[in-house]
1. Going down the table (A:70/A:109; A:60/A:153; A:93/A:153; A:66/A:109), which pairs top 26 Å between alpha carbons?
2. Over 21 Å between Cα atoms: which of A:52/B:198; A:58/B:201; A:114/B:198 fall into that group?
3. With a ≥ b ≥ c taken as the square roots of the eigenvalues of the C-alpha gyration tensor of the range B:11-91, please select rounded if a/c is under 1.5 and otherwise prolate if a/b is larger than b/c or oblate if it is not?
4. Running Debye on chain B with equal point scatterers at the Cα sites and no solvent, what base-10 log of I(q)/I(0) appears at q = 0.10 Å⁻¹?
5. Can you give the angle from 0 to 90° between the axis of helix B:60-73 and the longest principal axis of chain B, with both taken from C-alpha atoms, to the nearest 10?
6. Please give, to one decimal in nm, the separation of the simple spin-label points placed at residue B:93 and residue B:67, each 7 Å out from Cα toward the Cβ.
7. Once the Cα atoms of helix B:99-112 and of chain B are each reduced to a long axis, what angle between those two axes, in degrees from 0 to 90 to the nearest 10, is obtained?
8. If you take the beta carbon distance between residue A:101 and residue B:151 as r and set R0 to 35 Å, what does 1/(1 + (r/R0)^6) give as a FRET efficiency, to the nearest 0.05?
Amino acid sequence: MKKIITIAIAAIFTTGLFSQNSAIDKFFSSYENSADFTVVYVSPKMFEMVAKITNDSKDKDVQNIKELVKDIKGLKILNTKKDPMKYYNEAAKKLPINEYEVLLTVKDKGDNVKFLTKGSGDIVNELLLLVGGADDFVLMSFVGNLDLNKISKLATKLDLEGAEHLDKLKNK
Amino acid sequence: MMNIKNIELLLNKYWEAETSIEEENTLSVYFNSGNVDPGLDYAKVYFVIPDVSNEAIPDFTASIMSKLVDKYFDAETTIEEEAIIQQYFAQSTVANSLGQYKQYFSLLERQKNVTFNKELSLPSTLKVVHKSGTKSYNFVWLKAVAAVFFVAVGGYWIMNNQAKPIEEKQMANANYIEVEDPELALKYTMEALALVSKKYKKGEEQLLEGMKTMNEANVLQ
């Protein structure tokens with residue numbers, strides 16, 4: 001009888017651990033129901049499979065990002081075209097910015113861009129990209145063991161063709 | 001038979017309050033005799049005591065009670081008034097007009113005194129030793145423990161899974177894409193990285209530009 005009770009109590013407390021959500025997850029899930037938002041979620045499991053594809057692929061662009069994709073464990077994208085600045089400000093307020101390090105702040109043709117990282121040194125656990133402009137609000141969250149040097153190199157390698165793809169995604 | 005004239009004389013004396021008790025008795029006998037001269041009928045009421053034994057005395061209690069009962073059903077009675085009503089209907093007989101309420105009030109009175117007489121007991125031990133010497137678990141206790149356990153676990157589970165319905169809604173939202181195709185996942189990742197690279201590049205450019213301007217400013221100085 002004692003054993004059963006002990007096991008039951010242990011089970012109760014472990015289920016509690018699974019329900020823990022990070023602030024980012026909460027922020028994402030608060031918009032998941034809204035029809036105005038597009039939410040893309042790529043799971044760690046999926047990234048294992050993506051890594052396999054990138055190894056086999058001969059595509060130049062894929063080869064370029066191969067090294068980086070290997071280190072990504074999860075990707076979340078939140079995008080809306082409605083009231084982008086409003087949501088940009090909301091995100092800046094709601095997200096636990098103080099837990100992150102501001103890597104870069106850019107003003108690009110009316111777009112406010114913030115790169116935020118979590119972790120120490122060149123290897124970060126999370127990279128947040130926050131874009132808010134007249135047309136778009138984008139929040140991206142990369143998790144994994146991301147090497148900032150690789151991202152910096154990627155910036156020089158990848159041409160802007162990719163960005164057009166993203167525009168197509170947004171138009172969906 | 002008494003002379004009418006004599007009676008008239010006695011009456012006049014009576015009005016003057018000069019009659020003796022005997023004379024008054026005589027008058028009383030005459031008027032009660034039932035054979036009264038019509039001319040003297042007017043004085044009859046003074047000497048004939050009406051017979052009231054068969055007349056009903058109005059039931060004041062009943063009329064008061066009826067008013068109280070009306071007040072009671074309008075929920076306007078005070079506690080004292082309700083006590084009076086209770087007391088009244090506790091009698092074995094009540095006025096006919098109030099008979100319909102008797103059952104109601106006596107039921108109330110009876111319900112007041114209802115008590116639970118059965119003895120309740122929980123077995124005090126988890127294990128039971130029968131007279132034969134065999135031991136067994138007391139199922140009342142086991143059930144109680146199991147019930148508490150399931151309620152606790154169930155409650156906890158529900159609390160932790162309140163987000164579940166929201167997740168189901170997400171599936172209904174066409175804009176929520178959980179990527180399940182690796183090729184598509186790669187595509188999204190590349191597109192995401194492309195945006196990162198584009199903005200990162202812009203940031204670096206701005207940084208360089210800023211440094212250039214500062215350098216020029218320094219040169220001017």
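Laboratory data are not the source of any read-out in this text; all were calculated from the coordinates shown. All of these numbers come straight from a predicted model, not from anything done at the bench. Reconstructed Cβ throughout: ideal geometry from the backbone, glycine too, with neighbour counts over all protein chains shown.
1. Pairs exceeding 26 Å: A:70/A:109; A:93/A:153; A:66/A:109.
2. On the way: A:52/B:198 26 Å; A:58/B:201 25 Å; A:114/B:198 13 Å.
Beyond 21 Å: A:52/B:198; A:58/B:201.
3. It comes out prolate by the Cα gyration axes.
4. Reported log10 I(q)/I(0), two decimals: -0.96.
5. 10 degrees
6. 2.5 nm
7. That helix lies at roughly 50 degrees to the long axis.
8. Efficiency at R0 = 35 Å is approximately 0.15.
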